Amino acid sequence: MDLILWRHAEARDAREGEDDLARPLTPRGEKQAKRMAEWLNRFLPESTRIIVSPALRTRQTAEALGRKCRVMESLGPGGSADQLLAAARWPDQREPVLVVGHQPTLGRTAAWLMAGAAALESPVWAVRKGGVWWLRHRQREDGAEVVLVAVRTPDKL
């Protein structure tokens, strides 16, 4: 199974009294999302399942792909790595899953999958705004392993 973690692109700061979920992308964030979407569309199979946080900034980031996606409340800000992995059906999903979400959940998920439970005690791994971490679960004769396929940021494509 491939699990692609995509952090939303740059968003506007919240205004006084504004709901955090309503913050839109900045013009720079729109460009970041478009650049990363172009890169992802070159490599993602058509069968990729795309799941997105309900926040406006994540939905706008995902829209840059031009593909069908499903909004999942459990992927909202403050969600856990366990909730993300359950939503993605890790590691049993047959097709790749792209998750468009937030820090620190994305960083915690990557850390846990790559370094195990001990990584959850350490500082959160950074996933830059608009950045992607592509992870692959592989079954081996001697057990399973998680491989880091790619890490990309919209500024380094």
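Please treat every number below as a calculation from the coordinates, not as lab data. Small disclaimer: the values here were computed from a predicted structure and weren't measured. Here the Cβ is made from the backbone with ideal geometry for all residues, glycine too, and neighbour counts use every protein chain on show.
Remark: the Cα gyration tensor places region 91-157 in the oblate category, a/c being 1.5 or greater and a/b not exceeding b/c.
A simple spin-label model places the labels of ALA115 and SER80 2.0 nm from each other, with each point 7 Å out along Cα-to-Cβ.
Its Cα centre serving as origin, the chain has a Cβ charge dipole (Lys and Arg +1, Asp and Glu -1) of approximately 580 debye. Only helices enter this figure: runs of n ≥ 4 DSSP H residues, each worth -39500 (n - 2.57), summed and divided by the residues of the chain, yield -8500 deg cm²/dmol at 222 nm to the nearest 500. Once divided by 2.2 N^0.38 Å, the Cα radius of gyration of region 46-123 becomes 1.09. Ordered by the count of other Cβ atoms within 10 Å of each Cβ, fewest first, HIS137, HIS102, HIS8 give HIS137, HIS102, HIS8. Spatial offset of region 76-90 relative to region 1-55 amounts to 16 Å, using the alpha carbon center of each.
Here the contact order of region 18-157, divided by its residue count and restricted to Cα pairs under 8 Å and six or more residues apart, works out to 22 percent. Shape summary of the chain, radius of gyration then Dmax from alpha carbon positions: 14.9, 55 Å.
The fewest-to-most ranking of ASP19, ASP82 by surrounding Cβ atoms within 10 Å reads ASP19, ASP82. Exposure proxy ranking for ASP20, ASP13, based on other Cβ atoms within 10 angstrom of each Cβ and starting from the fewest, stands as ASP13, ASP20. Stretched out straight at 0.36 nm per residue, the stretch from ARG136 to GLU38 would grow longer than its current Cα-Cα span by 33.2 nm.
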